[in-house]
Each structure stands twice: as structure tokens, then as C-alpha cells.
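Undergrad: This is the structure I want to talk about, given as C-alpha cells.
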Amino acid sequence: MIEIKDISKWYGTFQVLTQCSTRVSKGEVVVVCGPSGSGKSTLIKCVNGLEPFQKGEIRVDGISVGDPKTNLPKLRARIGMVFQNFELFPHMTVSQNLTLAQVKVLGRSQEAALAKGMALLDRVGLKAQADKHPGNLSGGQQQRVAIARALCMDPIAMLFDEPTSALDPEMINEVLDVMVQLAQEGMTMMCVTHEMGFARRVAHRVIFMDHGSIVEDATKDDFFGKPRSERAQQFLSKILHH
Amino acid sequence: MFSGFDFNVIERSWRYLFFDGMEFTLRLTLFAMAGGVVFGTLLAMMRLSSIKPLAWIAGTYVNVLRSVPLVLVIFWFYFLVPYMGAWVVRSDTPIHVGAFASCLLTFTMFEACYYCEIMRAGIQSISRGQVSAGYAIGLNYWQTMGQIVLPQAFRNMVPILLTQTIVLFQDVSLVYVLSITDFVGAASKVAQRDGRLVEMYTFVALIYFISCFALSLLVRKLQARIAVVR
């Protein structure tokens, strides 16, 4: 589904990604973790072309992301993305947030888009909030709306960029629950997150990044059982014991 | 103190002042504002564009026009537009352009520079994440701008856009150099006809003060409202 081959990226002369390669198969849940500044967010943003990269190739469902001939908006419409800071559109109501791209990009009718939006809003448990503006919702509610907004487009894969990092601790679980449910339904997911509990529960594979390189790419049991690199061991011992 | 003055001149001429003079001033202000905001927004998008030539063209345009006095631009356009029009339609003689059309073009192009800088700040005030979110759900550049960035930028910038419009409203009085009957022009004609310069110009100043002050109060109110909602 997602194939990342030898991706390198520079900001000026500073190299942020160094020859990263991995793949996410259909229905697979891959968690990307690592210390801050390790390039995990940058890597996931390369997958739907939000960040350009200078070397290597990324294919999503067989379509090359870096190819200038690729219709990026069309490809992005098929990949859902959830951001650290929710990024709901504050000047629109929740239901407008959900219907905008369905109508403008997929060409669905307003009624069909609204029906789809409401169904997904119900699924994340926020049907009552449809007419509110995002600013009137809690962080956890906003992030659930953001997930619903991405799902409205019937994505073939979902990208999560630290979806719980900006949340108060008591709101993290309501978002994780939605993500766990998605994973269990067989959604292809690539998640940048520090939530190791989430990784243990639903991840198939865990990728560990440091200084712009993929240091470890292992199945969940291998990663938590016996990480091979010293750097990953250090990282794990730090975030698991607090 | 006012014993030597004759304020009846205002009573005799107010219809002319407001229905001829002020009507022109307001019409020009509103149309130039609309045109200036639209053109200014396009310029702002060009200035922020990743396509370097576009950014360069818009930047040069804004910087050149902002460093030339408005009176000069008004004159220059008034005398040049007929020739440019002739060149565009390939006519041998200069085409006739009305005073209003010429002024409107001048003010739109001139004020667009200032509206451009305001909108540029407005667009830059919208976080990069909002743009990314627009792209991520499949919107293209124009949709992201039109649906996500510009509505929020406008909203944030409404008070400053209106403040600039107050400046525009005052600037319109400069069309007197073309002997056009705007509010000041009308007053000055009456003043010279009746020899009542002090009375008329005092009255004009008072009206400008009242309308601009009222507008700036409105702006302040709007500012407070937007600050609460956000």
C-alpha cells in the first residue's frame, strides 16, 4: 500500500532524512516512534506529499508521490491525515468541516456529504456537536472530529502525526479508542506516536527513528521483546518507566 | 467670534455638496475599496507565491507605487489612460475615459498596494498547519486559499482593512487636482463663487471628522467583537 524507498531530504544543507525505506501493507498498522527531531513527522508528511523530498521514491497504491506528473490533490484525497494540532477549520462548523472536501473534491451532493459526515460523527460519539464551531470543543473532541473528517473521504490509508501529543492526559484515551477501533477494523495505518500502549495493543510493526534514519524496523513482539539497537533500548527504557 | 462669517452659505449649498460632491466621494471610495481589496489580495497571493517571477513582479509593483505620491499617480493616470486605451484597442486617437472611470482605476491600482500588504499579513497569520490540512483532504491551491486561508485572513484583517478604507475616503479628496466635483471639490467651488472660504472649508473639515471618527469607532467595536469570538 505504502512503499518508501531510500528517501532522503534536506533543509538547505541540513539533512533531515537519510535513506529511509519501509513499507506498510494493506491492513497493516505501523507505529513510528523516536525522540523529537528524529524526522518521524517529516517522514509521514512525505507520504502524502505535504513535504517534498529530494531523493528516493514513495508509492502509495502504486502511484508515485514525488512524480511531478502525479495529481497530488487527487492522491491526497484518498489518504486520510490527522495532525498533532487537529487543524480543524475554525471558521466553519463541525458539519461544514466534515462536508467541505466531500463536496469540493469528491463532488458528492450536500445531502450525501452531510449524511456521511453525520454517520462518522456518530461513530466518534459527537453527533450532538455537529453545529458547533471547533473552538467550542475540547481538544479530544476536536481530534475525534478531525479523524471523522479524514474518514469522510473513504481513505485507503490513514496517517497520524502525533495525534495525542497536544492533548491533556485525560483526553488521550478517547482519541486512542477511536484509533484502536479503526485498526481493528482493518484500516491501513501509519502512526507517529509515543503511545506505546497503543503500539502494544494494535500495531503490527514498530519503526524506530533517530537522527533522520530508520534505526529499527521490527514486528511489535520483536521490538518490545528485544530491540537490537542500543539507541532504541535507551529510548524504550525512558518512555516506558514513567 | 463668528460675527464676520456667513454660515447660511451651507444652508444654500448643502444639497449640491452632499448629492453631487459626497455622492461622488462615497461611490469612488466604495468601488475603489472593492476593487482594491480584490486586486490587493491577488497581489498578496503573488507576493507569497513560491513562483519567484510572480513574487518579484508583485513586489516591484507594490514598492514602486508606494514610493510615488498619490497626486502624481492621479495626474499621470488621467493623462495616460486615454493613450493606453488607444494602444490596447489599436485606435489612432486617444480614447475617451470619463473622470470617474479614470479615478476608479487610479485608486484601485494605488490602494491595492496597501490592501496587498494588509492581506499579506493576514494570510501569513494563518498557520501553516491550516494550509496543510486543506491540502491533506485533497483541496488544491485555489480551493485551500478560497475556502480556508482567505476567509480567516479577511476576518482577522477586517479592522485594518476598514482603517485603510478611512484613509482611502480621505485620499479621494485629492481628485480636486482634476477639477472633479467630489465633496471637497464641490465645497471649494461654492466657496470661491460666494467668497466664503473659511465657512466652507470649516464645514468640510467638520464633516470629514465626524464621518471618520464614527467609522473608527465602528472599527474599534468590530475589533473587540472579533477578539472575543476567536
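The values are calculated or read from the model by the stated rules, or taken from the named source; none is laboratory data. Owing to the predicted nature of the structure, the values given are computational and were not obtained by experimental measurement. Glycine gets a Cβ as well: all are built from the backbone with ideal geometry, and neighbour counts include every protein chain shown. The protein model used for the area step is the full one, side chains on, heavy atoms only, and it has no ligands, DNA or RNA in it. Shrake-Rupley method; radii C 1.70, N 1.55, O 1.52, S 1.80 Å.
Undergrad: Given the structure, is B:Val190 touching a residue at least 40 places away in the same chain (Cβ under 8 Å), within 18 Å of B:Phe7 (Cα to Cα) and open to solvent by 70 Å² or more (accessible area, probe 1.4 Å)?
TA: no
Undergrad: Check B:Thr60, B:Thr41 and return the single one that is at pLDDT 95 or above and surrounded by fewer than 20 Cβ atoms within 10 Å (Cβ to Cβ).
TA: Selected residue: B:Thr60, the only one of B:Thr60, B:Thr41 that is at pLDDT 95 or above and surrounded by fewer than 20 Cβ atoms within 10 Å (Cβ to Cβ).
Undergrad: Out of A:Ala113, A:Ala128, A:Ala119, A:Ala101, report the one residue that is open to solvent by less than 20 Å² (accessible area, probe 1.4 Å), more than 9 Å from chain B (Cβ to nearest Cβ) and assigned to a helix (DSSP H, G or I).
TA: The conditions single out A:Ala113.
Undergrad: Here's a follow-up. Any residue at all in the range A:69-83 that's touching a Lys or Arg at 6+ places or on another chain (Cβ under 9 Å), of a type in the set (A, V, I, L, M, F, W, C) and not in a loop (DSSP other than H, G, I, E, B)?
TA: yes
Undergrad: Continuing with this model, one more query. Go through (1) within 14 Å of chain B (Cβ to nearest Cβ); (2) closer than 23 Å to B:Leu150 by Cβ; (3) touching a residue at least 12 places away in the same chain (Cβ under 8 Å); (4) not polar (S, T, N, Q) one by one and return the number of the condition A:Gly107 breaks.
TA: Tallying (1) within 14 Å of chain B (Cβ to nearest Cβ); (2) closer than 23 Å to B:Leu150 by Cβ; (3) touching a residue at least 12 places away in the same chain (Cβ under 8 Å); (4) not polar (S, T, N, Q), A:Gly107 fails exactly one: (3).
Undergrad: Using the structure shown, decide if A:Leu159 is touching a helix residue (DSSP H, G or I) at 6+ places or on another chain (Cβ under 7 Å), farther than 25 Å from B:Asn140 by Cβ and buried (at least 16 other Cβ atoms within 10 Å of the Cβ).
TA: No.
Undergrad: Which numbered condition trips up B:Cys103, out of (1) away from chain A (no Cβ under 14 Å); (2) more than 24 Å from B:Arg66 (Cβ to Cβ); (3) in a helix (DSSP H, G or I)?
TA: Unmet for B:Cys103, out of (1) away from chain A (no Cβ under 14 Å); (2) more than 24 Å from B:Arg66 (Cβ to Cβ); (3) in a helix (DSSP H, G or I): (2).
Undergrad: Please indicate, with yes or no, whether at least one residue in the range A:168-190 is among the β-branched types (Val, Ile, Thr) and open to solvent by 10 Å² or more (accessible area, probe 1.4 Å).
TA: Yes, the range A:168-190 has at least one match.
Undergrad: If you don't mind, there's one more thing I want to ask. Tell me, which residue of the range B:107-143 that is of a type in the set (Phe, Trp, Tyr) and more than 10 Å from chain A (Cβ to nearest Cβ) is most open to solvent (accessible area, probe 1.4 Å)?
TA: Of everything passing the filter in the range B:107-143, B:Trp142 is most open to solvent (accessible area, probe 1.4 Å).
Undergrad: Can I ask one more? May I ask you to say which residue of A:Ala146, A:Ala203, A:Ala183 is within 20 Å of A:Ala101 (Cβ to Cβ) and modelled with pLDDT of 90 or more?
TA: Going through A:Ala146, A:Ala203, A:Ala183 in turn, the sole match is A:Ala146.
One line per residue, one yes/no per condition, for (1) under 23 Å from B:Val172 (Cα atoms); (2) in contact (Cβ under 8 Å) with a residue 40 or more places away in the chain:
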{"position": "B:Leu30", "(1), (2)": "yes, no"}
{"position": "B:Ile51", "(1), (2)": "no, no"}
{"position": "B:Gly59", "(1), (2)": "no, no"}
{"position": "B:Ile74", "(1), (2)": "yes, yes"}
{"position": "B:Ser91", "(1), (2)": "no, no"}
{"position": "B:Cys103", "(1), (2)": "yes, yes"}
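Undergrad: Looking only at residues that are within 14 Å of another protein chain (Cβ to nearest Cβ) and among the acidic types (Asp, Glu) in the range A:36-89, which one is least open to solvent (accessible area, probe 1.4 Å)?
TA: A:Glu87
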